[in-house]
Amino acid sequence: MWRYIAKRILMLIPVLVGVTFLVFSLMYITPSDPAQLMLGANASPAAYAQMRADMGLDKPFIVQYLRFLFGYKHPVFGYKGLVFGDLGRSYITNRYVFELILSSFPNTALLATGALILSIALGVPIGILSATRPYSFIDMVFTVLALLGASMPTFWVAMVFIFFFANRLGWLPAMSDPANLISIILPMVTLSLNSMAILMRMTRSSMLEVMEQDYIRTARLKGLDEGVVIRKHALRNALIPIITIAGLQFGALLSGAVLTEKIFAYPGIGTIMVDAIYLKDTPQILGSICFVAIMFSLVNLAVDIMYGLVDPRVKETKRGPGRK
Amino acid sequence: MDNLLEIRDLAVHYYSNRKVVEAVNHLSLDMKKGTVLGLVGETGAGKTTLALSIVNMIRGPQGKIVQGSLRFNGKDILAMGRQELRGLRGKDIAMIFQDPMTALNPVLPVGDQIAETVIRHEGLTRAQGWKKAEEMLETVGIPGIRSREYPHQFSGGMKQRVVIALALACNPVLLLADEPTTALDVTIQAQVLDLMRKLIRENGTSVLFITHSLGLVAENCDEVATMYAGEIVEYGTVDQVFGRPLHPYTRGLFGSLPRLRDSQRRLTPIPGLMPDPTALPRGCYFAPRCPDKMPVCGEIHPRDHLFEGHRVKCHLYGGNGREAGNER
Amino acid sequence: MHAFDTSGSNLSRSLRRIARNFGQFWRRFSRNKLATASLAFVILVALVSVFADLFYNYDFVTANSLENAFLKPGESGVVYFQDRDVEHRFLLGSDNYGRDILGRIVHGARVSLIIGFVAVAFALSLGGTLGAMAGYKGGRMDTLIMRVTDILLSIPMIMLSIAIVAALGNSFFNLLLAISITLAPRYIRIVRASVITVKDQEFVEAARCLGASDLRIVFRHILINITAPIIVQSTLNVGTAILWTSFLSFLGLGIMPPKPEWGNMLAEAREFIQYAPHTLFAPGIAILLTVLAYNLMGDGLRDALDPKLKR
Amino acid sequence: MSGEAAAGMAGAEKNLVRVAKLKKYFSTPFGNLHAVDDISFDIRRGSTLGMVGESGCGKSTTGRLLVRLLEATAGTILYDGIDVTTAPERDMKTLRTRMQMIFQDPYSSINPRHTVASLIGEPLRIHKIVHNTTEFERRVRELMDTVGLADRLYDAYPHELDGGRRQRIGIARALALHPQFIVCDEPVSALDVSIQAQILNLLMDLQEKLGLTYLFITHDLSVVKHISEDIVIMYLGQIVERGPTGELFDKPLHPYSRALLSAIPLPELDTRRDRIILKSEVSSPIEPPPGCRFAPRCAHVRPECTAADPALREVSPGRFAACVLAERFL
């Protein structure tokens, strides 16, 4: 098992290099000019050239990328580089990007994790319920609800919720703040709807597929109670694909958080990113996307490892074929 | 009442796309205690459906037992409540499937899968259940310590041994063996059958041995029933049926088989195909393929005719045999 | 080869065969009432967007008439348009610039559908080709393509779109590109997986044994067998693309006002939630219904095209 | 017996296929899998060679190597004097018209999206054998008639057909190019006995009529006895025994052959025989240790059995076995 985990972590490295490379290249081709941004429109050509040289913008692309990864020394702009936990400073606020991310990411993590727990807690049991009564009235109702949930634009739902629950009914605040847990209810519910719908559908189809398997017939033929057949025999097998989907949903939740946070004025990484995009603050965009991608990859790694714990076949196939 | 199992006039239908698949039709069959009854037939004859009906495991909404009665030890299985049925399944009647690869739950250790059965039926504790599971594995020639391992760690032959251990764990009265060795290689098949024969003899278990192989029937069974299009067309002791097959279909099966002993080059296959189970022909179901077809065969469904316990459903024997009670 | 396709009897036979296949498919599909209704809705939206100019003049829905701002649904107002005053009834009310909301939704449908279809087509051709190559050739090609896919997939999808538009700048084409690139990995995965499944079937070996070339095997034997999952995925993806378009436009990274687009309509409505909620509901419901219709239709197609899942 | 000797003399003319020292290794993360490990055999023109063995013995791999669906690791396959393993692409296309294959599973070996006509006609199109639609249709209908497919099925799809008819499509496809040699890879094992008999009869009729040569791969010993003149028995990638069918079945020389033959269930009453029940199961084909592959399960195993691979040697005229004890069973 440990060897398996180590192997998975090693496999993560090229992916992360690729991600940073991709995002860095995207930012590199951005039409906005950081030197111009720093100096304002009226700078002299000489000052402008000096600024570009100071920021390393005159260096070849690959040098700039390596500097982004491993840092470089400069009295004003120098930083330690991504691998040492330094993402440089914002062009606009001159604050350390990494610091800003570190202060906001926990808020996003709180929101996304809460939403994930909520969608699993509701989506999986409802999916199981639907699967045990396929094509019944209740199954139809949940199927339609799930499709509705998967089709709703999150940012619109957020506004509709604000309109009803904050403006009209006044039950919950329209603005959220991580310090006030009541105020996160609305964004958390908004964020969870999509994932909940997807988990519900996946659980249902996965359960239905498992219930058709021969070993379920074997379990019934043993005279086991239907409850035991479902809980012990069907659910564990059905959960295997659901774990993967739940892991992928975490990425979707991070995405969804971008706009949900903005609409609820919640100080998370999404808000930082959107603000940075409006201000064309390259280091901050770069930093936040890379950070989110790394977090997402780590979550996927955790999912893979969990997979190995639930499914006895995974680690075995990595080690060798069964004893004969 | 020396009949362990009495099936009377059983009919099972499946419903799909507004069509009715008549899988089992007016089937009557008795099984005596302590016998091994071979049920032979080709794909789609309804063998597995029959086996599942015996434990009332035809599941709606697609499948339904539409008619007939099933008595096991004198008790009507179809009238049993859920709880009573669960007490029966796995304890008094156990089943072995064709494919050992899919019959075991991949995420549970094999020991657990055996233990849960004995815990359920014999009221043992967890520890006792696991101990029993290890004993059962030893009985089928697998070291007890391997009870903690998962199905994928066993080869096909080993898995089928585990399935056998599982089926025999509660010492069932009746074992439904649905093509238990078809998925295995010949030499492994010989091993597994050897083991099954030994265990069955030791425990006095009655077996319904479902197979498409006449060879396996000859070597393992006391009695044999031939199934075609959902009904039993011939029934008798192995000596009777193999000595003098009466039904043209049974004879066709023998003719289709390449023999090791004979050196004849051409086989005499049965022409044509199985009838479509959603549109069975009027009269005898076998008539369209039958070499001995008479005008009456296309019109009237034949009755059972009985010759000293050797039963055949065919018009050829209408004149001189004593008719059995089954009306159709 | 073409000699086979020109003969009249062969052609009519092929037509009859196609008709028979379609009939079978339609019988299965139409059994699903929701999917059939969705298909009707999708066709309706498509017609509306094609003939949008017949219902509402484009200049009319983009021109400000501030005196008519925030009219409630059904209210009428006088609009100065094309050098004269016109009495106009605002069926779904008007927005903060006094523009007709229904008219903007109708024209917005055009933008959404174009982006939906073109982005999916682009993603399909890019992702499908790469996926088929990875699946069929295997080896180093497969490893390379799948590594790149892994990288694309480890950035949460919307963020990738945002990054691409943010980098390339704000334009219709860049929006299309961003959505296509983000959708492409889905196709790479699904096509690769399907190709690998089909490739291992004996009939591909049988064709090779008959002397069939790689190209013939890919087109006549593999692609024909994976159209069903691709059609289903594409239907679902049109919905996703429409959703993302509105998302990016809402962020100000897609279609910018005054051009009508459902997402930017919502962005403008955001400021006035309390004051004029009707500006919020109409575009949102338009997105919801359209995406829902594509999802329901995708489900229906899956059931009708994949007999394995059919019960 | 003199005929056999003559066959050995006449050599190249008499034998359509000559396989020598053929090897196929698959590399796996755990080492090389020896699927086919140094086998040699010949197939006489117009005869059927039966190849028997249990799953994983390499019989199907051998079949695929012969028609070059797989590339051999080492060894030669001479077809009418041409080496199939090294033939360039261009020659291969011609060779494919002369050697064909019938596959095991009539469900997966036929593309479900094509009609019967386009399936059977596919080889005609690939090799541009017919030049217009009328000719195409005539040829396809002819082939359908040859294999006993009703004319009305011309436009049918495979899912409308049962296994037996699908297998007939497979046979028709194989015959379309007028091959001389057909590899039959378990062509009847997925079929019910009554249908199996129909297909076996068809294959034998076709052989007689068209003078075909078959390599008939199967695990079913009664089928192979019925259809083939000569037999090779494989175990874990190697040939353990080779000989004329009748003699081999009367007096198997290799302990594995003996166990295999004794394990066949016979549908006869008077034949309840003593079985040789083998212990344990087939060992791993990955990097097998030297020595007889069957040694771990053999009741007669001796120290010399595990020292080196026993050679396949002529124990008596025409009878080959790879066992040091073969004479004992003569």
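What follows draws every value from the coordinates through simple rules; no lab data is involved. Keep in mind that this is a model prediction, so the values were computed, not measured. Counting neighbours? That spans all protein chains shown, and the Cβs are built from the backbone with ideal geometry, glycine included.
A few remarks follow.
- Number of partner chain Cβ atoms within 10 Å, mean per residue of C:284-295: 4
- Global size of segment A:45-111 as Cα Rg and Dmax, reported in angstrom: 14.1, 48
- Whichever lysines have a C-alpha closer than 19 Å to that of B:LYS19, once near sequence neighbours (fewer than 8 apart) are set aside: B:LYS64, C:LYS308, C:LYS310
- Overall form of segment C:210-305 per C-alpha gyration tensor (a/c, 1.5; a/b vs b/c): prolate
- Overall Cα dimensions of segment B:45-89, principal axis frame, Å, largest first: 26, 20, 18
- Our note on the geometry: Cα centres of segment C:65-126 and segment A:256-316, 36 Å apart.
- Computed from Cα atoms, the angle from the helix D:163-175 axis to the main principal axis of chain D rounds to 80 degrees.
- Relative contact order of segment A:97-319, defined on C-alpha pairs under 8 angstrom at six or more residues apart (%): 28 percent
- Cα-projected label distance for C:ASN64 with D:GLU314, points at 7 Å along beta-carbon direction, nm: 10.5 nm
- Computed from Cα positions, the angle between helix B:156-168 and the longest principal axis of chain B comes to roughly 90 degrees.
- Principal-axis tilt of helix C:8-30 within chain C, Cα atoms, nearest 10 degrees: 60 degrees
- Relative contact order of segment B:190-285, defined on C-alpha pairs under 8 angstrom at six or more residues apart (%): 17 percent
- Centroid-to-centroid separation of segment B:38-96 and segment D:263-312 [C-alpha atoms, Å]: 41 Å
- Computed FRET value (nearest 0.05) for A:ASP214 with D:GLU287, which takes r as the C-beta separation and R₀ as 35 Å: 0.55
- Anisotropy class of chain A from Cα gyration tensor, a/c 1.5 cut: oblate
- Value of Rg to Rh for the protein assembly as shown (Rh from inverse mean 1/r over Cα pairs, i.e. Kirkwood): 1.02
- For chain B, calculated [θ]222 nm from helices alone, where every DSSP H run of n ≥ 4 adds -39500 (n - 2.57): -9000 deg cm²/dmol
- Gyration tensor (alpha-carbon) shape descriptor, segment A:158-198, a/c threshold 1.5: oblate
- Distance between the pseudo-spin-label points of A:MET175 and B:GLN128 (7 Å out from Cα toward the beta carbon): 6.8 nm.
- For the pair segment D:79-109 / segment B:166-199, the C-alpha centres are spaced 42 Å from each other.
- Segment C:139-218: C-alpha pair distances exceeding 19 Å, %: 54 percent
- In units of the compact-protein estimate 2.2 N^0.38 Å, chain D shows a Cα radius of gyration of 1.04.
- Charge tally around D:ALA321: other residues with Cβ under 11 Å, Lys/Arg +1 each, Asp/Glu -1 each, net +3.
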